[in-house]
1. May I ask for the net charge around B:ALA27, where only other residues with Cβ less than 14 Å from the Cβ of B:ALA27 are counted and Lys, Arg are +1 while Asp, Glu are -1?
2. What's the exposure ranking of B:SER78, B:SER166, going from fewest to most Cβ atoms within 10 Å?
3. Taking A:ARG100 in one copy and the same position in all the others, each labelled 7 Å out along Cα→Cβ, what are the pairwise distances from the first, in nm, shortest first?
4. Does the protein assembly as shown come out rounded, prolate or oblate, given a ≥ b ≥ c as the square roots of the eigenvalues of its C-alpha gyration tensor, rounded meaning a/c under 1.5 and, failing that, prolate meaning a/b above b/c?
5. Rounded to whole Å, give me the distance from the Cα center of segment A:82-151 to that of segment B:39-70.
6. Let me check I have the definition right: for segment B:78-197, take the eigenvalues of the Cα gyration tensor, multiply each by 5, take square roots. What are those semi-axes in whole Å, largest first?
7. What are the radius of gyration and Dmax of chain A, computed over its Cα atoms and given in Å?
8. Taking the number of other C-beta atoms within 10 Å as the exposure measure, put B:VAL136, A:VAL161 in order starting with the fewest.
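No lab work stands behind these numbers, since they all come straight from the coordinates. Bear in mind that the values here come from a model prediction, so they are computed numbers and not experimental data. Cβ placement follows ideal geometry from the backbone for every residue including glycine, while neighbour counts extend to all protein chains displayed.
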There are 2 protein chains.
Amino acid sequence: MTSEDIGPGTARPGGRTARVRSAVLRAAGDALAEHGLAGLDLADVARRAEVGKTTVYRRWGTPATLVADLLADMAEQSLPRTESGTLLGDLRANARLVARTLADPRQGALFKAVIAAATCDTRTAAALHRFYDIRVSEWEPCARQAVERGELPADTDTREVIRAVSAPLYYRLLTTGEPLDEATADRAAEAAAAAARAGAFRTARP
Amino acid sequence: MTSEDIGPGTARPGGRTARVRSAVLRAAGDALAEHGLAGLDLADVARRAEVGKTTVYRRWGTPATLVADLLADMAEQSLPRTESGTLLGDLRANARLVARTLADPRQGALFKAVIAAATCDTRTAAALHRFYDIRVSEWEPCARQAVERGELPADTDTREVIRAVSAPLYYRLLTTGEPLDEATADRAAEAAAAAARAGAFRTARP
């Protein structure tokens with residue numbers, strides 16, 4: 001099967017190109033989730049995506065390029081943040097979303113694989129950093145609004161508050177075999193909120 | 001060069017075996033730090049360690065087994081904790097040690113590589129979990145003594161306090177390109193201490 005089999009030509013510019021990319025990135029995500037980084041093979045991805053091998057090799061070339069493009073796509077599909085009206089409510093929504101994502105068998109395995117891939121390749125690392133930058137930017141207004149409401153000190157590094165929510169969840173995923181349940185998520189949110197209130201994320205600390 | 005070249009036979013039981021293991025694990029650590037997980041090759045490790053290939057293949061068999069043994073060895077070499085007399089002082093000492101380790105070019109690359117290896121292999125993951133269990137057990141008395149001094153609530157999950165110190169440092173290492181400096185370490189310690197004081201790590205939370 002070749003890339004021509006994906007669908008008929010279309011008048012919409014980039015239509016087939018976009019469909020091929022979508023099929024290939026989904027297949028790459030599946031392969032990474034199932035076999036981890038070591039199992040990512042462009043020919044296998046082409047087969048899974050029902051796209052011509054030549055297309056995949058020409059467009060992505062290496063597994064690292066494919067993982068970088070997958071991360072760019074994941075960043076675009078970032079879910080909008082929740083607004084609950086309180087810092088703790090917002091951070092809890094964020095923590096539960098992250099914990100649910102990492103606890104999901106496909107998503108959890110995929111995140112482990114892309115983090116592992118980033119340790120092996122600087123372009124993948126740059127794509128991973130951009131992905132988390134975008135995620136943090138999406139949720140940072142939760143902390144900024146808490147500053148505006150007077151819940152947090154004025155000179156709080158609001159991006160660090162959001163990172164503090166995710167950090168214990170990723171640390172748990174990568175360094176323990178323990179489950180990422182809702183109680184774990186809520187504790188991560190409470191710890192980040194308490195630390196922020198106490199001024200631990202102030203930019204000008206004493 | 002074969003394993004026989006490592007040194008003469010010795011009356012001390014396990015002496016040569018221990019020297020071979022030590023040379024092989026150091027070479028494995030060097031290879032991982034230089035080339036990451038993808039570059040770990042038993043023949044290359046044997047060459048670097050000046051040990052016979054057959055010895056390495058017979059004793060470790062696969063890169064995953066070698067990484068698991070390296071992690072067991074790293075756990076044994078864990079540094080003793082600092083006792084400063086206050087929770088914040090102890091957690092700061094822990095955070096600075098972790099940050100210095102991860103900021104060190106060889107050690108940082110090695111930790112990234114073993115975390116990546118653990119995502120690909122369940123035995124390596126088990127060895128990594130044991131490694132962090134031992135590290136947490138070494139530092140957990142800092143939080144336990146803070147409970148005894150009345151600095152923290154009685155039902156504090158003291159292991160979680162220690163993990164909270166490391167989590168933002170590892171998260172920064174893996175998801176950003178930002179440096180792990182002393183200010184980052186101190187902020188991690190302050191955030192963990194503030195969250196613990198506020199009761200975020202109590203086992204029976206409201």
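1. So the environment of B:ALA27 carries a net charge of +1.
2. By the 10 Å Cβ count, ascending, the order reads B:SER78, B:SER166.
3. 4.3
4. oblate
5. Using only Cα atoms to place each centre, the spacing works out to 38 Å.
6. On the way: eigenvalues 124, 56, 28 Å².
Those come to 25, 17, 12 Å.
7. Rg and Dmax of chain A, Cα atoms, are 19.7, 65 Å.
8. Values: B:VAL136 20, A:VAL161 30.
In increasing order of surrounding Cβ atoms, one gets B:VAL136, A:VAL161.
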